[in-house]
Amino acid sequence: MRRFAVVCSLILALAALAAPAPAAPAPAAPYGIAVQRNLTLRLKDGTLLRADLHVPTDRGTGKPARGPFPVIVGFTPYGKTPSAQTGSPGTGGLNPYLIERGYLGLVVDVPGTGGSQGKFDLFEPSEAQAGAQIVNWAARLPNSSGKVGMLGLSYLAIDQLFTAAAVGPHSPLKAIFPMAASADPYRDLFVSGGALNVESPLGLVFGYGVTRVATPFLELPKDPTAALILSYEHLMQAGPFELTIARDMLTNGPRRYDNAWWKKRAPESVLRRIVANDVAVYLVGGLYDVFQRGEPLLYSGLQNAAAGRPVTAPMTPGQPVSDKYQLLYGPWTHGNMGSGQNLDEIQLHWFDHWLKGRGTVSTSTPFHVIEPGGKRYDTADYPLAQARPTRMFLRSQGRLASAAPTGAEPADSIAFTGLSNPCTRSTDQFAAGMLSQLFASAGIPSPCTGSQRKPVNGPGETTYTSPAMGKPLKLAGPIGVTLRAASTRPETLWALTLEDVAPDGTSTDLSGGALMGSMRAVDGARSWKGASGGWVYPYHPLTRAAQRPVAPGKVTRYDIQIRPAFATVPAGHRLRVRVATADFPHLVPLADLPSLFGGRYAIHHDAAAVSTIDLSTLP
């Protein structure tokens, strides 16, 4: 998450607090709200945390209403005061709509942020232990019913998952509502197929640091001395996270690769414990979110854990599903998550059921899909049981065909450029949707996320386009591309975009993916099969040990993961695969540039070296 300048990085780091469009006005709520500021909690290790408690009040007297009430916890690194002021449906960990309907709202500064003391190091495992202690403390608050939920977006969503895994069985924590959560921050955010995502991590490096230093003054306005001390303490913690990440980005240091540090911070590793702890999870994810890849994997992982299956495996057709684990997945960026949906009512319904025993959440299809354009359907599995792998072939003369090549075809040549048109869906997506929000605030349609007239070929890109569809093509799930190509250099960078091409020649980006050639090794045990030896979901180890230079001049196989697409290509439109050597400013291969400069790639697609795309499509 970053802007194209340091100042914009701060804005992006605060994107977790950006509000979706407000829902329609709700009926008058039974309660008012009062706030108790900067309550203190000491963790077992002595760390002092500060929290704000928002309590229901009698509208006639203004006094605290009779309870008891369940508690909804927001655990935030962005400052509990800004979180409370967003006015959005719970993205900052607090939703006044819930408090006005009979909930206590507790917003707590993560250790080492805001008004809290302690250590900050991006999902440090001790943070989950702090979350578990906060849950127990919340359950014992005056007027608490003893039952606890959690709420929030982005960092707050990921902390919900780790806390739910840390609380243990029979905990007061009964339900959580993570919006825009990652399954694996390394793969979802830091890299794409091993290709370094500079846009988002720079937002983390600068944004979190600036936010941590600034928020103590918002949290402790009446005690500037204490705020100054906390601000200094927070600044001094830049080394373990920001400076280390920046160093490793520039030098291909340890955190440039998947390793133990990242694995401890991957929520997919704790899903089985969440299920064992009997915590209900309602996920909200976006087709244009930075965590687009991982959100459906969280859903399938929880369902697999509940069914006693391997967490990272594809769900099998007909396997039992639990309505305790649901996903709402629609056409949203990180900054407008859930826009157009009544998240207030969805959250109220979810928490009322699990924390108050009201209503029902029963469904046999807990995966709720909203396509771009608004088409909705519900399903049970991921990948979808009714979806079938559909293979298409990259062919000569820019064709994307259903028939495989039977003879020789000339290869297509492109050059590594490192630069590309920055006005793309990818740029907006990995800037947390801030570009499109900026245009929307000015009342201007975003020129970068809608239909565009793009070149078919260029020095650093080429395209493969299908004939016009005779009937709608319904994309529904993971996608894999296999390229067979030769390079003149020991490294390659592949940046792919899947596009819907209208009859007038304009195209709209549907999804994308990337791969560093040296990180091409595939873990077959973690990958999901497509058609005839291909993958709809190739999983790359992305470790230093798995890295292998590209042999110049040798035709090499590259399996590239495209983030999942849920969209319908209308009849009369065409499907296009854009193969490029850059996705700027999203992907900037800093330390790998010397191995990339001057590279020319020959993309093969003849009978001896087939290049394909494996789609998940609904009949």
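The values are calculated or read from the model by the stated rules, or taken from the named source; none is laboratory data. Note that the structure is a prediction, hence the values are computed from the model and not measured. FYI the Cβ positions are ideal-geometry reconstructions off the backbone, even for glycines, and counts take in every protein chain you see.
You will find that of Ile603, Ile562, the residue that is within 21 Å of the chain's Cα centre (by Cα) and either among the charged types (D, E, K, R) or under 29 Å from Gly407 (Cα atoms) (or both) is Ile562 and no other.
Per the listing Leu483, Leu510, the residue uniquely more than 25 Å from the chain's Cα centre (by Cα) and part of a strand (DSSP E or B) is Leu483.
Against the criterion of being modelled with pLDDT under 95 and closer than 25 Å to Pro541 by Cβ, Val213 does not qualify. Within the group Gly572, Gly533, which residue is modelled with pLDDT under 95, closer than 26 Å to Ala401 by Cα and not polar (S, T, N, Q)? After ruling out the rest, the residue left standing is Gly533. For the range 224-260, taking the residues that are among the charged types (D, E, K, R) and closer than 24 Å to Arg520 by Cβ, the one that is nearest to the chain's Cα centre (by Cα) is identified as Asp258. The single condition among (1) assigned to a strand (DSSP E or B); (2) closer than 26 Å to Gly598 by Cα that Ala551 does not meet is (1). Any residue in the range 157-164 that is farther than 25 Å from Arg255 by Cα, modelled with pLDDT of 95 or more and in the same structural domain as Gln129 (by TED's automatic domain parsing)? Scanning the range 157-164 turns up at least one residue that is farther than 25 Å from Arg255 by Cα, modelled with pLDDT of 95 or more and in the same structural domain as Gln129 (by TED's automatic domain parsing).
Of all residues in the range 530-586, how many are of a type in the set (A, V, I, L, M) and within 20 Å of Thr617 (Cα to Cα)? Matching residues across the range 530-586 total 10. Out of the residues in the range 6-57 meeting the condition of being of a type in the set (Gly, Ala, Ser) and exposed (fewer than 14 other Cβ atoms within 10 Å of the Cβ), tell me which one is modelled with the lowest pLDDT. This residue is Ala21.
The residues of the range 454-480 that are assigned to a loop (DSSP other than H, G, I, E, B) and within 17 Å of Ala602 (Cβ to Cβ), listed by number, are Asn457, Pro459, Gly460. Give the number of residues within the range 297-349 that are basic (Lys, Arg) and farther than 22 Å from Lys263 by Cα. Number of matching residues: 1.
Beta carbons closer than 7 Å, at least 6 apart along the sequence or on distinct chains, pair a first residue in the range 395-423 that is closer than 21 Å to Leu575 by Cα with a second that is in a loop (DSSP other than H, G, I, E, B) and of a type in the set (Asp, Glu) for Arg395/Glu409; Ser396/Glu409.
Filtered by the rule that a residue be crowded, with 17+ Cβ neighbours inside 10 Å and of a type outside the set (Val, Ile, Thr), the range 232-251 gives Glu233, His234, Gln237, Ala238, Phe241, Glu242, Ala246, Asp248, Met249.
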